[in-house]
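Here is the structure we will look at.
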Amino acid sequence: YKRQGLGGTDVPKTASTTASFQVPAGNIQFNPASYSVAENGGNVVLTVERVDNFDGVITVEYQTESGTAIGNEDYVPATGILNFANGDQTSKTISIAILDDTAAEGDQSFSVRLSNIQSELGGATIVGTNPATVTITDSDVASPEYSGSTNDGLFSFSWYTIALIAVGLVGRMRRRTV
């Protein structure tokens, strides 16, 4: 038995095809996507992990971005490249120095952004929340502000009744004109 194709040509009984495809190198993400550090905490360490596939080399850049926290005032700005080797399942870290000051300014925040992801296999992406947020909790206490007159320590009263209640003098009131 022979199979006949168009124009009477013989058709082989079996055929083979070769398919090729690239497996993406995986994805990169912050884990977690938000961090908190005390102003006097020294530094904050962010974790970046590779997920979904560990084949091929991946590189990704990072950089800090000011928010209410300002670079060189509240933290040391940082940029760099994280490298994930073929088969690398290890998380990478980014350490950013926090600058302590004496100003009571409330909690402040800045961001760290991942960008320019490169993969030898192609298809790698940044997933999840990007940028990550870092909140610096203020460790300084506001000093009380005096809102009185410019006559520091001098007060003037006119025909007021001042009641003094002290141990042993409960209920005694004196009227003084000052």
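Where a number appears in this text, it was derived from the coordinates with a stated rule and is not lab data. Everything numeric here is computed off the predicted structure, so don't read it as measured data.
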In 10 Å bins starting at 0, how do the alpha-carbon pair distances of region 79-127 split up by percent? 15, 42, 22, 14, 7
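Divide, for region 28-69, the radius of gyration over alpha carbons by 2.2 N^0.38 Å, where N is the residue count. Spell out each step's value before the answer.
Values: Rg = 13.6 Å, N = 42, 2.2 N^0.38 = 9.1 Å.
Here the Cα radius of gyration is 1.49 times the empirical estimate.
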Can you give me the long-range amide H partners of A69? Hydrogens built in the peptide plane at 1.01 Å from N, cutoff under 5 Å, separation of 5 or more residues or another chain. S109, F110
Enumerate the amide H contacts of G123 below 5 Å, restricted to partners 5 or more residues apart or on another chain; note that Pro and chain-start residues carry no placed amide H. none
Expected vector for region 34-41, Karplus 3J(HN,Hα) from phi with 6.51, -1.76, 1.60 and θ = phi - 60°, integer Hz, x for Gly and Pro, equals 9, 9, 9, 9, 5, 4, 9, x
Interchain or long-range residues, amide H under 5 Å from D55's placed H: G87
